[in-house]
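What follows is a set of notes on a single structure, which appears directly below.
Laboratory data are not the source of any read-out in this text; all were calculated from the coordinates shown. What you are looking at is a predicted structure, and each value in this text was computed from that prediction instead of being measured. Glycine also receives a Cβ, built like all others from the backbone with ideal geometry; neighbour counts cover every protein chain displayed.
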Amino acid sequence: MTVSSSAPPPAPPSASPSAAPPAVPRAAPALAHPVSPAAPLPGGTELVELYRRHIGSGRAVMGRVLGGMAEVRSEGPWIHTDDGRRFLDFGGYGVFILGHRHPAVVEAVHRQIDTHPLASRVFLEPVAARAAQALAAHTPPGLDHVHFVNSGAEATEAALKLARAHGRHELITTRGGFHGKTLGALSVTANATYQTPFQPLLPDTTQVPFGDPGGLRQALAARRDRACVILEPVQGEGGVRIPEHGYLREVAALCKEFGALLVMDEIQTGMGRLGTWWGVNAEDVRPDLLLAGKGLSGGVVPIAAMVATEQAYAPFSRDPYLHTSTFGASPIACAAALATVETMEREDTVARAATLGARILAAVREVCAPYQDVLVDQVRGRGLLIGIEFGEERAVGELLLELIARDVLVNHSLNATRVLRLTPPAVLSDEALDLFFTTLAEALRTTALRMTR
């Protein structure tokens, strides 16, 4: 039976006079009662036991060894624990270039939470666009396309996928390099300790010596137009390994000669950590892809990014659904990133990192000098990334514990177990610096006595 298009639509069924009208969706009502204060946070043995039961026995053991303290508050270069102690943070794995809870970043995040913390992913979102614009204003010329993600490892994954989209499926990484622990990132993180339990990883992955252009040339010659090279300007987790000047320029030239895609991992070294916006700035190198993270968060909300040239980014640019993330480029994280870049511009953080870093490096070398060739092998660094290399692995653990006992936090290096790493913020006062140098001298003296018994 054919219904004429001009026929009126059928009438709705009649409703009983006594029937209730259909429910109309209503906005959520305001809270009728104030929110009750949060329950007291666990600490001490209770916290250690919660870690053991729900997070991991190994982490619980580490917490117990360090006294079972819980970090509960932070600001600037300081972390406070539940037992009333205050620790000077010279660690943080490179995250806190602006210190903890920088007021400008915190204010921007609060404002975003009060308006629109997470996006629908349907409409365009202005905070992400502004954050991308701000970040691209400081990357090497031509690196204008920004792909925001949630962590450094995700930035590495995005870069490896983009390389494959260009047919560069053979990966070349450097010994001692660290690029994350997700499956793809782990494939180019050259450490058997982390790789072996998860093999097989990505195929066609080759390791070459860091700082050796000859080794890279040989690897690229066998993989013309098929390779993706990923490396750090200075190896962070590799023990603050600084290549000779000119190495990065040679790497870029070799990649161009053999048609390789160049990914520069600046997740730890970027955002002013080396006393320049990026480690590649020291040699005026422009990679195809640059990875940013850690400091981009402002120490407030995790965020990272892959920044690319127009040509390199083309596959992702054409198809916005080719590589996506529900929480990537969230307004709250992008608000933190935007505020971080603007704060660094306003406070000239990069120049301060260079000046402060040179001062700290000189002072650490002076403090370590009496133990040279007895306990300490070398002190090296650039900007606010400094490594103290010891003759024995045990010395790193001993010194780390001595510093913690004296209310100072530092980091060990995951890919270089004999290197103690310092990644202080750029907001240190003279008083905080003097405290660190005095504490380091005392901790070294005690460690040396213990090691020589």
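May I ask you to list the lysines whose Cα is less than 19 Å away from that of Lys256, ignoring any residue fewer than eight positions away on the same chain?
Partners found: none.
Within the stretch 51-84, find all residues whose amide N lies under 19 Å from a label point positioned 7 Å from the Cα of Thr438 along Cα-to-beta-carbon.
What the label zone holds, given the 19 Å backbone N cut-off, is 77-79.
Using +1 at the Cβ of each Lys and Arg and -1 at the Cβ of each Asp and Glu in the stretch 103-347, identify which of Val234, Val109, Phe327 lies farthest towards the dipole's positive end.
Phe327
Just want the ordering: Ser74, Ser57, from fewest to most Cβ atoms lying within 10 Å of their own Cβ. Can you show the working numbers first?
Details: Ser74 18, Ser57 10.
If I rank by nearby Cβ atoms, fewest first, I get Ser57, Ser74.
Which cross-chain or sequence-distant (5 or more) residues have an amide H under 5 Å from the amide H of Leu202, H modelled 1.01 Å from N in plane?
Counting only residues 5 or more places away or on other chains, the set is Ser187.
Taking amide H positions as placed 1.01 Å from N in the peptide plane, with prolines and chain starts having none, which residues 5 or more places from Asp377, or on another chain, fall under 5 Å of its amide H?
Glu389, Phe390, Gly391
At most 12 other Cβ atoms within 10 Å and a DSSP loop assignment: could you name the trypsin sites (Lys or Arg not before Pro) in the stretch 203-290 that fit?
Loop-located and lightly packed - Arg224.
When the chain is fully extended, how far beyond the present Cα-Cα distance does Gln133 get from Asp225, taking 0.36 nm per residue of separation?
Fully extending the segment from Gln133 to Asp225 adds 30.0 nm.
Only Lys, Arg, Asp and Glu count, each charged at its Cβ (+1, +1, -1, -1), so figure out the dipole size of the stretch 62-154 about its Cα centre, rounded to 20 debye.
Around 80 debye, computed over the stretch 62-154.
Summing Lys, Arg as +1 and Asp, Glu as -1, what charge do residues with Cβ under 15 Å from the Cβ of Phe316 carry, Phe316 excluded?
Numbers: positive: Lys161, Arg164, Arg168, Arg318; negative: Asp144, Glu154, Glu157, Asp288, Glu310, Asp319.
Net charge in that neighbourhood comes out at -2.
To the nearest 20 Debye, how big is the dipole of the chain about its Cα centre, given +1 on the beta carbon of each Lys and Arg and -1 on that of each Asp and Glu?
780
So who's got an amide H within less than 5 Å of the one on His145, skipping anything under 5 residues away but keeping other chains? H placed 1.01 Å off N, in plane.
The answer is Ala308.
Would you mind calculating the relative contact order of the stretch 59-204 from Cα pairs under 8 angstrom and at least 6 residues apart, reporting the percent as a whole number? All intermediate terms of the calculation are to be shown ahead of the outcome.
Working: 117 pairs, mean separation 15.4, N = 146.
The value is 11 percent.
Using the Cα centre of the stretch 377-418 as the reference point, and only Cβ charges (+1 on K/R, -1 on D/E), how large is the resulting charge dipole? Debye, rounded to the nearest 20.
Value, rounded to 20: 200 debye.
Give the relative contact order (percent, whole number) for the chain; include only Cα pairs under 8 Å separated by 6+ residues.
Here the relative contact order equals 20 percent.
Where Lys and Arg each count +1 and Asp and Glu each count -1, what net charge lies around Thr349 among other residues with Cβ under 12 Å from its Cβ?
-1
How high is the relative contact order of the stretch 103-347? Use alpha-carbon pairs under 8 Å, at least six apart in sequence, and give a whole percent.
30
Sort Ile242, Ile267 by Cβ crowding within 10 Å, fewest neighbours at the top. Mind showing how you got there, number by number?
On the way: Ile242 19, Ile267 28.
Going from least to most buried by this count: Ile242, Ile267.
Using Cα positions and a limit of under 23 Å, work out the lysines in reach of Lys181, with same-chain residues fewer than 8 apart set aside.
Output for Lys181: Lys161, Lys294.
What is the sum of charges around Ile242, taking Lys and Arg as +1, Asp and Glu as -1, for the other residues whose C-beta is under 9 Å from the C-beta of Ile242?
Surrounding charge for Ile242 is +2.
Divide by every residue of the chain the summed helix terms, -39500 (n - 2.57) for each DSSP H run of at least 4, and state the resulting mean residue ellipticity at 222 nm, rounded to the nearest 500 deg cm²/dmol.
-11500 deg cm²/dmol
Just to be sure I follow: if Rg is taken over the C-alpha atoms of the chain and Rh is the Kirkwood radius over the same atoms, what is Rg/Rh?
Working: Rg = 26.0 Å, Rh = 24.3 Å.
Reported Rg/Rh, Kirkwood definition of Rh: 1.07.
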